[in-house]
């Protein structure tokens, strides 16, 4: 079996990158006025979580790579979420003729 | 430092820069089409990070599902709803952005503090590399069998739900009774609520 190279990038670097990506996603989720951009921000946050899971799986879990299995499940759920979210968005656009988040107040008052 | 290690570090820095700048572009750019393409770039860079972590199967799944399916779906949605509209100005929008930016910066500081101060119990075991795909398959069909089956049901539900929500064609006869459907009602339900034009009936 070939000698595996020593991992040089620390776990903290991956977690740092994932936290930056997550916070950008949260900011975009709060501040976007275009509904499609809100969905994109949700995908960014899910990717940040996936990076976290993969880093933990590689650094802390050893041979049981349970983090990778969780990442596969998260990717599956994200695909379903994107499909349903965009269908809801299309149906909202048909009713309101806009994608401005500020005008989607049918359930509010 | 060997050449492999320095290559790894250079790859990580480049991919991380792409991820951060691309996601900032996704959030901040005015044109949403540019945002969608940048989102594809971010997904590809994240797949590269997975390759750095010795996870080739998940990297391939990331490219297939995110870049191939989700990003294309988002692009189609943009093309379907793309209308130049001038958004109504809202008072206090700048204040809101600054406030939420401060809150997100606080959240980032908290996360980074946890990241740095926690003593992670890093195992020194060797990574299994190419055997990861086999291991994922074993997990999926032994101890994660129930979530796997539930995921398939979830995908079926999402597919049917998306079709039902987004379709536009109408039934001519009621499925239950066989009577012809009142077409006026259907037309009314598919016309926008806020458009100023006379109703068809």
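Number of residues in the range B:53-65 that are part of a helix (DSSP H, G or I), under 18 Å from residue A:14 (Cβ atoms) and facing chain A (nearest Cβ under 7 Å) equals 2. Being at the interface with chain B (Cβ under 7 Å from one of its Cβ atoms), closer than 22 Å to residue B:38 by Cα, buried (at least 23 other Cβ atoms within 10 Å of the Cβ) and within 11 Å of the chain's Cα centre (by Cα) is the requirement here; does residue A:18 meet it? When the stated conditions are applied, residue A:18 does not pass them. Find the residue count for the range A:73-109, including only residues that are at pLDDT below 80, more than 18 Å from residue B:90 (Cα to Cα) and surrounded by 15 or more Cβ atoms within 10 Å (Cβ to Cβ). Looking only at that region, the number is 3.
Looking at the range A:51-65 only, could you name the residues that are part of a helix (DSSP H, G or I) and either at the interface with chain B (Cβ under 7 Å from one of its Cβ atoms) or at positive phi (or both)? Quick ask: steps written out before the conclusion?
So in the range A:51-65, the residues part of a helix (DSSP H, G or I) come out as A:51-59.
A:51, A:54, A:55, A:58, A:59, listed by residue number.
Identify the residue in the range B:103-127 that is buried (at least 17 other Cβ atoms within 10 Å of the Cβ) and free of Cβ contacts under 8 Å to residues at least 12 places away in the same chain and, among all such residues, is nearest to residue A:64 (Cα to Cα).
Of the range B:103-127, the ones buried (at least 17 other Cβ atoms within 10 Å of the Cβ) are B:104, B:108, B:111, B:115, B:127.
When the remaining residues are screened for being free of Cβ contacts under 8 Å to residues at least 12 places away in the same chain, the result is B:104, B:108, B:111, B:115.
Values: B:104: 34, B:108: 30, B:111: 26, B:115: 23 Å.
Top of the filtered list is B:115.
For the range B:23-36, the set of residues classified as more than 9 Å from chain A (Cβ to nearest Cβ) and either closer than 16 Å to residue A:18 by Cα or in contact (Cβ under 8 Å) with a residue 12 or more places away in the chain (or both) consists of B:25, B:33, listed by residue number.
Here's the yes/no breakdown for (1) modelled with pLDDT under 95; (2) in a strand (DSSP E or B); (3) within 20 Å of residue A:84 (Cβ to Cβ); (4) over 36 Å from the mean Cα position of the chain (by Cα):
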position: B:147; (1), (2), (3), (4): yes, no, yes, no
position: B:159; (1), (2), (3), (4): yes, no, yes, no
position: B:162; (1), (2), (3), (4): yes, no, yes, no
position: B:165; (1), (2), (3), (4): yes, no, yes, no
position: B:168; (1), (2), (3), (4): yes, no, yes, no
position: B:171; (1), (2), (3), (4): yes, no, no, no
position: B:178; (1), (2), (3), (4): yes, no, no, yes
position: B:184; (1), (2), (3), (4): yes, no, no, yes
position: B:188; (1), (2), (3), (4): yes, no, no, no
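Answer yes if at least one residue in the range B:95-110 is at the interface with another protein chain (Cβ under 8 Å from one of its Cβ atoms) and under 25 Å from residue B:52 (Cβ atoms), and no otherwise. Yes - at least one qualifying residue is present in the range B:95-110.
The values are calculated or read from the model by the stated rules, or taken from the named source; none is laboratory data. No experiment lies behind these values; they were computed from the predicted model shown. When we count neighbours, we look across all protein chains shown, and the Cβ atoms used for this are built from the backbone with ideal geometry, even at glycine.
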